[in-house]
Structures are given as C-alpha cells and as structure tokens.
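Enquirer: First, the structure itself, so that you have it in front of you.
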Amino acid sequence: MADGGVTESEQDIEKKIEETRQRFKDEYVQDSSDKYDSRDVERLQKDDAWAEGFLTWRQYVVEDTLKMIDESFQWRREYRVNDLTESSIPKWMFESGAVYLHGYDKEGNKLFWFKVKLHIKDAKTIQDKKKYVAFWLESYAKREPGMPLSVVFDMSESGLGNIDMDFVKYIINCFKVYYPKFLSKMIMYEMPWIMNAAWKIVKTWLGPEAISKLKFVSKSEVQNYIGPEYLPSHMGGTDPFKYSYPPLPDDDFQTPISENGPIASEDENESKDGEMESKETLESSFSSEPQALRPKKVNFVEDSLRLEDGDRVEAASRTKGARKPLTTFKGSLLHISPAEELCFGSKETEKKCLIILNNVTKNQVAFKVRTTAPEKYRVKPSNTSCEPGASVDIVVSLHGGFQSSLQDRFLVMAAEMENNSGSSSPELAQFWKEVPKSKVMEHRLRCHVLESSPVFSSLTDSPLTSGTSSQPDLQTMLMRVVASNSKLEQQLDQCLWIQKVLTVLVSFLMAFSFCTLYLVYIGSRSYDQGPGPGPAPPSL
C-alpha cells in the first residue's frame, strides 16, 4: 500500500513493478551497462519490496520512479555502496563518534545521531565523510529493510564553523533519493539562533513532505520524541551509552528468559547455556499446569514442538482466537513468521505471540532467540534446532506485570549444522561456540504495541477498531491526529510570531507617545513663563 493517501490494489502494484523493471531495463540499462553496478540492476529485477519502495516514494508514477532509480543507482556505483566495509573508511572517522546508530525514539524508530560539534568543514575529507554516512545507511538498510530512521542533529556546543551546507544537502539527498521512505523525522536539538539563516536555505532543499518531518526542539522538548532511556545526560536523559570504537554500536541483544528462568549468557559460559536448556526440556514435562498431558521425551526438538502445541491449546482456550502470524520472511535457512513485528498489548489476551520457523534446507538448522529486553519476555524454546523440512513454534510471552515497548527488539539467529545430526544441548552449545559469524543468518523483529497510551486505548475501543481487520483504520486515524497536531503547531507558531510583532509595535508606539507628550510638556512650560526682562528704558 502506498503512503500519502495513494491506494493501489495488489494487482496494480504488481503491474507497475513489472512495468518499472521492463522500462528501466529497456530505456536505461540497455545503452548504459557501465553506468550502474550490475548487482543493483539484478536486485531491482528480483526484490519486489525494493522496487515497490521507489514506486511508493514517487506516488506510483512510473516515469518519476525511473528517474529516481537512475539517480540512486548512479550514486551507488560512484560511492561503491555495495562494497563499503569498515576497512574502506578511514579509522579516525569511526573513532570520532560524529555519526552512529544507537537507541530508538518513542515510535520505535532507530536513532541516527549526528554530533554536529565534531564536524569541521574540510574539502579534503568531504568524500570520505559522504562514504561514511553511506556506510551507516547501507548497513542499516540491509539489516532492517524498509524500516524508517529518526535523524538527530545534536547541535549543542556547535557554531557556524561546524555547518557544512554541501554535507547537509548530501544527507538530505540520501533520504530523498537514495534511501526512499527511510526518514521518519529529523530532530534538530538546541539549534543556535545564529544558524537560523542557514536552515532557511536547508528547508528549500527538503520539499513540503520533508519539511513536515523537521522538529526543532530544546532540552525541555526533546523528550516529546525520545524517551530519557535513549537520551544522553546533556539532553536530560539517563542513557549511560558512551560511543567508542571498536566495535560498532548495535542493539544490545541478550538471551531472554526461558520457561524456567533466565538462561546464562553465551558470552560468559556457553556450556551453562546448554545445560540450562537441557534442564528446561526435562522439567517442562512436569509443569504445574495439569490440564496439559505432555509426553516425557528427552528428544529436544520433538519435545519442544509438543510442548508448544500444548501452550497454543491452552492459549486458545483462554482467548477469543490467538493471533497467528500472517506474514513471512523468506531467509536462506529459515522462513520466519511474522516477517517484521510481534504484536503485544496491555490486555491478557494480547500478551502472547507466536514465532514460527520453517527449515527450508536439507540439513538440521540450529537457532536461538535473543531480545533487547530479556527481563520482560519468556521465550520457549529459545535455543534448539530444527530438522530438515520441519517447523518449530516459539511462544513469546510478556513476563509478570511488564508492558511491551516499541523500542523492544528480537533477534533470531540460525546456522546450518551440515555435519551434525545431533541436537542435544551440549552439542548445540559447542556448535554456537565454533560456528563462523559469516555463516549465521540473523533476522530482527520489532514490537508493535497495541495499546501504549490512553489515547491509543480509546481509539482501539472505538467501533472503528473493534476487529483485527480495523488496524489500517486505526493507523489512518492516528495519522489524522498527527496531521491535525502539526497544523495546530503551525498555527500556534504564527500566532506567537504575530504576538511578538504586535508587542514590538506597541512598544514603539508607547515610546513615541511618551516622546510627544514630553515635547508638548516642555513647549507649554516655555509659553507659560513668557518673555524674559528686556533692557531698561533710556533716562530723560
């Protein structure tokens, strides 16, 4: 579905994707084979989501989409984006900490930080700086395809010497052309008044759509968009994160809680992880829930599958139809459902989700699930393996009185066990210790909060959102509320500006009136006193 109010049917989208691919191949690629990276051209022909992303950003106008793809692909070839690695960027840029990804805003979007005070305009390094930004964006795009970013320009302690208009224009173009639909908002923190003129120029580059994404905030306002847990102390936050390199900062994924308590960290002791998982399997057979008659098998995979079947039966009896994943991510080793997000809410019926893994290889695949909030979630099973062609149901449930958050993330890690037919916990622990990182498939899932605030709750209780099919209506309503708030903010800004102008005019008129009254007063005093004494008359 398109953004910005443009709605297309699935058939129309498929037709326009094919038209875009064919026309790009005939009109752009045929006579300019050396103009683009062949990997990008090939990806456009195979990746429907990528092709649709360009179309959506250009309101499904194929002609405009082709021009955008042409410009984007030329840029990707010029900067060799497909081949950018840490080693291709000067090390001092990573060490400076001027640009990095860390944390999430209140809508669950990843934060892309620019420390403006650390940027000094230098023509000799501008190309490397542009590659540096491209490296971060491309790394994120591969890891979280289609997921928007919130850009934070931290302008504290910065001045005109830190503003490079060419570099700023490049960053804006990255989001306007090279990475369509990636910009959620651009937060300008504590912009010095002396930079107002520079940002008026920047606004002309953004266009009306992007201008609405600009948020100028002070220290007292920044928490409207970012929670204190992801704000540094100088912004009034509590985030202890301090940038350092190496390694590159990333989401802090940890082992979640299993059905029988926390699992020891793999980094501390891999063997303990295996022992705990083995204990979980055995103890699960003697669960305190009597209504589920579970078989007491030691085979971890079969036992886990049957245990999860029992959990789903119990969940179905307690709820009015359990939510099942409707979308699927098709990975090289596993097909993972859902494809992008787990939906949690504050109601008891909304505190459990399923992750379904399907092994699409001819070998056994080991997998484990990690999360950024291990204290909140129970995951069962969290570390086991899947037979060729088989599937595993993973139950993720909120623990205790915790509430899900948009900032929470899950990471599914999988690796093929080519020469290992066993699936016992000690073998798995040793396998994860030895498997090369290059052979590990990773897929991230974000959390979608069904009820995160009173406004959200009242909307979900309304007739428009009473059924599961009404989620698009809820999103539409929220978009309208956001748009309405944006208009009100603009009107308020205009009123404040008019108030300031009127205040200046009134002050000027009062000063003029006082001056006039003073001059009238001086003139009247001179008139009342009359002429002074003249010379004495001559004597006779």
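The values are calculated or read from the model by the stated rules, or taken from the named source; none is laboratory data. Quick caveat, the model's predicted, so the values are computed rather than measured. Cβ sites come from the backbone with ideal geometry, for glycine too, and all protein chains shown count toward neighbours. All accessible areas refer to the heavy atoms of the entire protein, side chains included, with ligands and DNA or RNA removed. Shrake-Rupley method; radii C 1.70, N 1.55, O 1.52, S 1.80 Å.
Enquirer: Only residues that are out of contact with any helix residue (DSSP H, G or I) (no Cβ under 7 Å at 6 or more places or on another chain) and either surrounded by 15 or more Cβ atoms within 10 Å (Cβ to Cβ) or of a type in the set (Ser, Thr, Tyr) (or both): list them for segment 218-247, please.
Expert: Residues satisfying the conditions are Ser218, Ser220, Gln223, Tyr225, Ile226, Gly227, Tyr230, Pro232, Ser233, Phe241, Tyr243, Ser244.
Enquirer: Kindly evaluate Val360 against the criterion of being surrounded by 20 or more Cβ atoms within 10 Å (Cβ to Cβ) and closer than 26 Å to Pro145 by Cβ.
Expert: no
Enquirer: Among the candidates Lys117, Lys106, which residue alone is in a loop (DSSP other than H, G, I, E, B) and surrounded by 14 or more Cβ atoms within 10 Å (Cβ to Cβ)?
Expert: Lys106
Enquirer: Is segment 51-72 home to any residue that is open to solvent by less than 20 Å² (accessible area, probe 1.4 Å) and part of a loop (DSSP other than H, G, I, E, B)?
Expert: Yes, segment 51-72 contains at least one residue that is open to solvent by less than 20 Å² (accessible area, probe 1.4 Å) and part of a loop (DSSP other than H, G, I, E, B).
Enquirer: For segment 343-357, which positions are under 19 Å from Pro381 (Cβ atoms) and open to solvent by 50 Å² or more (accessible area, probe 1.4 Å)?
Expert: Within segment 343-357, Lys352 is the sole residue that qualifies.
Enquirer: Return the residues of segment 163-182 that are over 26 Å from Asp70 (Cα atoms) and open to solvent by less than 20 Å² (accessible area, probe 1.4 Å); say none if nothing qualifies.
Expert: Correct list: Asp164 only.
Enquirer: Another question about this same structure. Could you pull out the residue among Arg39, Arg43, Arg77 that is surrounded by 15 or more Cβ atoms within 10 Å (Cβ to Cβ), among the charged types (D, E, K, R) and modelled with pLDDT of 90 or more?
Expert: Step by step, each of Arg39, Arg43, Arg77 is checked, and only Arg77 is surrounded by 15 or more Cβ atoms within 10 Å (Cβ to Cβ), among the charged types (D, E, K, R) and modelled with pLDDT of 90 or more.
Enquirer: Then there's this: Scan segment 54-79 and report the pairs whose first residue is within 18 Å of Tyr36 (Cβ to Cβ) and whose second residue is open to solvent by less than 10 Å² (accessible area, probe 1.4 Å) and in a loop (DSSP other than H, G, I, E, B), with Cβ atoms within less than 8 Å and a gap of 6+ or a chain change.
Expert: From segment 54-79, the pairs are Phe73/Tyr36; Gln74/Tyr36; Arg76/Tyr36; Arg77/Tyr36.
Enquirer: Does segment 139-153 include one or more residues that are among the β-branched types (Val, Ile, Thr), open to solvent by 10 Å² or more (accessible area, probe 1.4 Å) and farther than 25 Å from Ser87 by Cα?
Expert: No; the residues of segment 139-153 include none that is among the β-branched types (Val, Ile, Thr), open to solvent by 10 Å² or more (accessible area, probe 1.4 Å) and farther than 25 Å from Ser87 by Cα.
Enquirer: Ok, one more. Just to be sure I understand the filter: pairs with C-beta atoms under 6 Å, separated by 6 or more residues or on different chains, first member in segment 428-445 and under 21 Å from His335 (Cα atoms), second member part of a helix (DSSP H, G or I). Which pairs pass?
Expert: That search, which allows pairs on different chains as well, returns Leu428/Gly274.
Enquirer: Can you find even one residue in segment 83-100 that is under 21 Å from the mean Cα position of the chain (by Cα), closer than 30 Å to Thr20 by Cβ and open to solvent by less than 50 Å² (accessible area, probe 1.4 Å)?
Expert: Checking segment 83-100: not a single residue is under 21 Å from the mean Cα position of the chain (by Cα), closer than 30 Å to Thr20 by Cβ and open to solvent by less than 50 Å² (accessible area, probe 1.4 Å).
Enquirer: Sticking with this one: Taking the stated definitions as given, is Lys181 more than 20 Å from Gly97 (Cβ to Cβ), modelled with pLDDT of 85 or more, of a type in the set (D, E, K, R) and within 24 Å of the chain's Cα centre (by Cα)?
Expert: Against the criterion (more than 20 Å from Gly97 (Cβ to Cβ), modelled with pLDDT of 85 or more, of a type in the set (D, E, K, R) and within 24 Å of the chain's Cα centre (by Cα)), Lys181 does not qualify.
Enquirer: What number of residues within segment 206-217 are open to solvent by less than 60 Å² (accessible area, probe 1.4 Å) and at pLDDT below 75?
Expert: Of the residues in segment 206-217, 3 are open to solvent by less than 60 Å² (accessible area, probe 1.4 Å) and at pLDDT below 75.
Enquirer: I need the full set of residues from segment 8-62 which are more than 27 Å from Arg80 (Cα to Cα) and among the polar types (S, T, N, Q), in order please.
Expert: Residues satisfying the conditions are Ser9, Gln11, Gln59.
Enquirer: Collect the residues in segment 124-182 that are farther than 27 Å from Glu221 by Cβ, basic (Lys, Arg) and assigned to a helix (DSSP H, G or I), keeping them in residue-number order.
Expert: Lys129, Lys130, Lys131, Lys142, Arg143
Enquirer: Among the residues of segment 183-204, are any open to solvent by 30 Å² or more (accessible area, probe 1.4 Å), in a helix (DSSP H, G or I) and touching a residue at least 40 places away in the same chain (Cβ under 8 Å)?
Expert: No: segment 183-204 contains no residue that is open to solvent by 30 Å² or more (accessible area, probe 1.4 Å), in a helix (DSSP H, G or I) and touching a residue at least 40 places away in the same chain (Cβ under 8 Å).
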